[in-house]
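Peer 1: This is the structure, below, for whatever I ask next.
Values in this text are rule-based calculations from the coordinates and carry no lab data. Note that the structure is a prediction, hence the values are computed from the model and not measured. With ideal geometry, Cβ positions are generated from the backbone for all residues, glycine too; neighbour counts draw on all protein chains shown.
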């Protein structure tokens, strides 16, 4: 039993990471109908910014955090202008390739600027964790789960109860109509990219103490988060959260009871099964192209 | 693709030998170029380094050409190309090393495996589109990579397979390179010609407009699976040759990252043509090599590479080859006027007395909404039958159910006595149903002629032989019938809205349909265009064609239709001879509301003289 | 938009044209008569870039020492490097690019076994000695006469891990944790064999895929297996770091004897206290010999960093290659090969080099202990019999 509880905690912790990155995917997808293959690199860049300010320069953690988040906002804006905006009238394919190019660019620019060594970002709390009965709770994972919950709540409030959130929703549902209603569509999309980059950044900073800071850290998480997004359905924020958590739990239990080396396959097997049996995701919209 | 003159569209019987096979200048030039390339590969004394680069480029290019088929021609994304590449490579690697089987036996086995897996993957997922298809192919890719790594007894696991045997005749790198270049040349030629074949046209049609492809008789699903299988096959071929060129393979060479590289190569060079694939592959293999001088700063050259990818996607949307092609096209003089077209023939099975279309109790419900509710009517042979009704009355839904885009909730549809209720759109087209769309659905990347050729190619169209000259002659005849033969070779995007509608009608006519469904053909036309349309419809009817038309334009309908069925709120409210139906109070009320029904039928002013 | 587009296209055209006009890849390198040149394949990009930096540092330090001592054959020695991008095709291209320069007399290959496998056919074709650091035992058994290993192979590391764990620590019930890549699987296989010979039992043999984000299931499996000692083959330090932390968090206190990566600098930095009191078999241990101490001193002087095995083997490779060329008296590949095979008792940073007929130079490992983050030399276990 304690084994199962321990696995469950770990699964939820990992799942919360996937969910956090998946949130960024969903937001951009809803606003632009495009999957951003550089979403993982947002996390990586933010983690490196933290290492630069909090570790190398020894600035206070909170200040470094604000700078890193500010940096991500700027990066999100530049990303929109350079990678998405020029292609906004084209099909999804060139945009996908463009974001792939951006991911190669970001990863290797970081490599050129910072070098290849993996780095350590100390956790926020001194204590690594504590035992509750037989189960060890890692404080950093607890923090990740808490932050994910808060961000989801914030996102819900923001989209459902603020004017700007509603404008964003309108934009994602029908750009032409939104434009006719006087909503600045380009501005809304800009806002989406900025917010997604910030979200990805927060995810990166949160997982850095657990997974370390390396050039590759973004890519693996992003792929899983992408799978989580599909399981949850692209259309829905709640879906992304549940998809992420489900994936984390399935993976952890699959590794424990079926096979460790094939751990990464579970995500994709579940995904394919999902697409075959329930192509609309847990919550999302229809996938098959409309007649 | 060649500038050689097209065959005179003469009756084959009257001029049997006249339009002799066109002199294939393009093919000949290609053969000369390819032979030169192979000879160069076989004889130039390259260093080992250059040989390795060239072998890698040639084998990769074959796999990238596979993407030209799937993505370029058929518009389906495939992010598992490296997995299929790996299947070919492992077949050759494991076969020659562990089983000691000849290279020439292993390669086909790999091809068959790749083909089958490609078809299976395609068949199980192609009903999904866009990002979902992308994700499923990524999943397949990841699972296959894990299998290659972890199924150690069979795959050797991460150690990889060393000492792979090349075929006896090609054991040194120089001659092996020549072999790779030869295969590349053959594959590139086949894919270069592919857009002009029936399958290639079907793929392009599916890519351009799936709905229109279905109703013109193309089996969308089968076409996609074929594209996927061919793409996988070519990847397997490239992979098999790759295994022989480096004589060592390991799982990391066939990872997701490599699939992304393949895709980037295809899009960079231009996904529309094998030439683009070759250019993209060459560049992406050479650019990192050229940039090696930047190696002092780790990551810098890959950063530049990433930036270059973005810039090329932004500034050269059709890839490098597409961009070059556009420049060339701008310079190339207009083609000479095409030869005069024949008279369009439409054969109607006039002997049969059975009605062309019988609709019985047809229903289509969307959730609680009964868009079409128990509608029955019959279209008799010859002449024009109109289906009218106010907005939201269920006309277009009825049409979509008739052409198979929606499955009916209930009821039965018979075409020429054959029950087609459960037929897919392309099967209905095969049974003789043609249609046009309210919002025009042409194949946007093609010329007017090609659009109409696809119509002529309709399965079950017995009026024309399915070879290229006959099909083109038939297509020209159909274009001539709607008055556009002079502009047959122009891309459809250069036509006005009204003319695009005429092309769509010509596409349907070329298929010699038993019944032609016209979905609001007058929508968006100005009055002179409407007059022309009216005349055209009369000429079509005069040829004995049976037409079911839906439209708002009462003038047009009353002008041409001999029989009218009226729908309102999804139900049939009137059916009969035009003049009678238009006087029925229920019809007038449906159109003008309660009050007007009492006064004279001012709103339904028609040119119809009282009979 | 119009102008930027034109500017871009123009510059793209220029770049393309430059590339076409000056295809440096096809031009054979001019023979530079003044130096003796050695080619080196190393990762500058990709996940191995870190290791590549260390490897280059080690080689450069040796190069300087060689040249200070009069160079080879009276000429200064020179190093020519190519990036292998941490991929196999990258390694093949990098090597063949170097090999196409006829004046290179010998090469330094990769520390990764699969890359050496990939390059092996080209090495055989080139017919010049290649010093490499990959530890897959098979590499020197391929019958390829040009491969010379400058690190002890995994059959030795496994024997040392087994020997130390069963004899010195006196633990008989093992859990083996290894990466499923080439390095990890071959190491685990060798360790299982060595343990079988020494009468110990393997309670758990668990592979994992590189870049795993979580090891909880693995750690729980260790806990359940009841193993009293852990043997490990980790490839990447970040995997090692995550595993180490979770191992300690979940209360597994069994002694742990790991392959070389457990004591390298990056691992120590990432895992911190989680690795305290673990044991590692290290091909390089600074306190193991005078030669190792001297290398450590030189490395610290230049790099201001503690040296590790990723730099020591290239240091030895350059030193020994220079020695062999001088002994041969000429740059003829066959003569260099003979001279390398004749090397006996060369005290290198990694240990004492005695080349056997397969081309394996080293036959033993050092066992070191992590004492609160400091690597302390424990003992050397060597299997070489003259």
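Peer 1: How high is the relative contact order of chain B? Use alpha-carbon pairs under 8 Å, at least six apart in sequence, and give a whole percent.
Peer 2: 15
Peer 1: Please build a GNM for chain A, connecting alpha carbons under 10 Å apart, and tell me which residue among A:40, A:204, A:182 fluctuates the most.
Peer 2: A:182
Peer 1: Then there is this: Multiplying the sequence separation of residue A:55 and residue A:269 by 0.36 nm and subtracting their Cα-Cα distance, what value in nm do you get?
Peer 2: Full extension from residue A:55 to residue A:269 adds 73.1 nm.
Peer 1: For labels at residue C:306 and residue A:174 in the simple 7 Å Cα→Cβ model, what's the distance in nm?
Peer 2: Between residue C:306 and residue A:174, the simple spin-label model gives 6.6 nm.
Peer 1: Given a cut-off of under 8 Å on Cα pairs at least six residues apart, what relative contact order in percent is computed for the stretch C:221-297?
Peer 2: 29
Peer 1: Now for a separate question. Tell me the mean residue ellipticity at 222 nm calculated for chain B from its helices only (DSSP H runs of n ≥ 4, each -39500 (n - 2.57), averaged over every residue, nearest 500).
Peer 2: -16500 deg cm²/dmol
Peer 1: Now, a different point. Per-residue Cβ counts within 10 Å, from other chains only, averaged over C:83-89: what number is that?
Peer 2: Partner-chain Cβ atoms within 10 Å, mean over residues of C:83-89: 6.
Peer 1: Set the Förster radius R0 to 30 Å, insert the Cβ-Cβ distance between residue B:171 and residue C:335 as r into 1/(1 + (r/R0)^6), and round the FRET efficiency to 0.05.
Peer 2: Working from the Cβ atoms, E equals 0.55.
Peer 1: If you build the Cα gyration tensor of the stretch C:327-384 and take the root of 5 times each eigenvalue, what three semi-axes come out, in whole angstrom, biggest first?
Peer 2: 32, 12, 8
Peer 1: Applying a 10 Å radius around every beta-carbon, put A:164-174, B:522-532, C:307-317, C:118-128 in order of their mean neighbour count, most first.
Peer 2: Result, highest mean Cβ count within 10 Å first: C:307-317, C:118-128, A:164-174, B:522-532.
Peer 1: Would chain B count as rounded, prolate or oblate if I go by the C-alpha gyration tensor, calling it rounded below 1.5 in a/c and otherwise prolate when a/b exceeds b/c, oblate otherwise?
Peer 2: Prolate shape, in that a/c is at least 1.5 and a/b is the bigger ratio.
Peer 1: Would you look at the GNM of chain C, springs on alpha carbons closer than 10 Å, and say which of C:110, C:288, C:100 moves the most?
Peer 2: For chain C, modelled as a Gaussian network with Cα springs under 10 Å, the answer is C:100.
Peer 1: Applying a 10 Å radius around every beta-carbon, put A:71-77, A:96-102 in order of their mean neighbour count, most first.
Peer 2: The most tightly packed comes first, giving A:96-102, A:71-77.
Peer 1: Just to confirm the number: angle between the C-alpha axis of helix B:300-315 and the first principal axis of chain B, 0 to 90 degrees, nearest 10?
Peer 2: Taking Cα atoms only, the helix is inclined about 20 degrees.
Peer 1: Using Cα atoms only, what is the angle between the long axis of helix B:220-246 and the major principal axis of chain B, expressed in degrees (0 to 90) to the nearest 10?
Peer 2: 10
Peer 1: Hey, another quick one. Quick check: pseudo-label points 7 Å beyond the Cα along Cα→Cβ at residue A:130 and residue A:154, how many nm apart are they?
Peer 2: 2.6
Peer 1: Could you compute the FRET efficiency for residue B:120 and residue B:328, with r as their C-beta to C-beta distance and R0 at 45 Å, rounded to 0.05?
Peer 2: Efficiency at R0 = 45 Å is approximately 0.65.
Peer 1: While we're on this one: So the label point goes 7 Å from the Cα of residue C:173 along Cα→C-beta, right? Which residues of the stretch C:234-277 then have their backbone N under 14 Å from it?
Peer 2: C:253-255
Peer 1: Before rounding to the nearest 500, sum -39500 (n - 2.57) across all DSSP H runs of length at least 4 in chain A and divide by the residue total; then give [θ] at 222 nm in deg cm²/dmol.
Peer 2: It lands at -24000 deg cm²/dmol.
Peer 1: Oh, and also: Can you show me the helix-derived [θ] at 222 nm for chain C, built from DSSP H runs with n ≥ 4 at -39,500 (n - 2.57) apiece and divided by the number of residues, rounded to the nearest 500.
Peer 2: Value at 222 nm, helices only: -13500 deg cm²/dmol.
Peer 1: Given Cα pairs under 8 Å that are at least 6 residues apart, what percent is the relative contact order of the stretch A:2-277?
Peer 2: Result for the stretch A:2-277 is 39 percent.
Peer 1: Let me ask something additional. In peptide A:111-123, how many Cβ atoms from other protein chains are near each Cβ within 10 Å, on average?
Peer 2: 6
Peer 1: May I ask for the angle, rounded to the nearest 10°, between helix C:182-197 and the longest principal axis of chain C, with both axes built from Cα atoms and the value confined to 0 to 90°?
Peer 2: 40
Peer 1: Rounded, prolate or oblate: pick one for the stretch A:1-63, where a ≥ b ≥ c are the square roots of the eigenvalues of its C-alpha gyration tensor, a/c under 1.5 means rounded, and failing that, prolate if a/b is larger than b/c, else oblate.
Peer 2: Because a/c hits 1.5 or more and a/b fails to exceed b/c, the stretch A:1-63 counts as oblate.
Peer 1: Label the stretch B:25-256 by shape, choosing from rounded, prolate and oblate, from the square roots a ≥ b ≥ c of the eigenvalues of the Cα gyration tensor; if a/c is under 1.5 it is rounded, and otherwise prolate applies when a/b is larger than b/c, oblate when it is not.
Peer 2: Oblate.
Peer 1: Between residue B:354 and residue C:356, what is the spin-label point distance in nm, taking each point 7 Å from the Cα along the Cα→C-beta axis?
Peer 2: Placing both labels 7 Å beyond Cα along the Cβ direction yields 8.6 nm.
Peer 1: Could I ask something else about it? Between residue B:380 and residue A:88, what is the FRET efficiency for a Förster distance of 45 Å, r being their Cβ-Cβ separation, to the nearest 0.05?
Peer 2: 0.30
Peer 1: Next up: In peptide A:257-267, what is the residue-averaged number of other protein chain Cβ atoms found within 10 Å of each Cβ?
Peer 2: Shielding by partners across A:257-267 averages 6.
Peer 1: Then there's this: Could you sort the peptides C:183-192, C:165-174, B:181-190 by per-residue average Cβ neighbour count (10 Å cutoff), highest mean leading?
Peer 2: C:183-192, B:181-190, C:165-174
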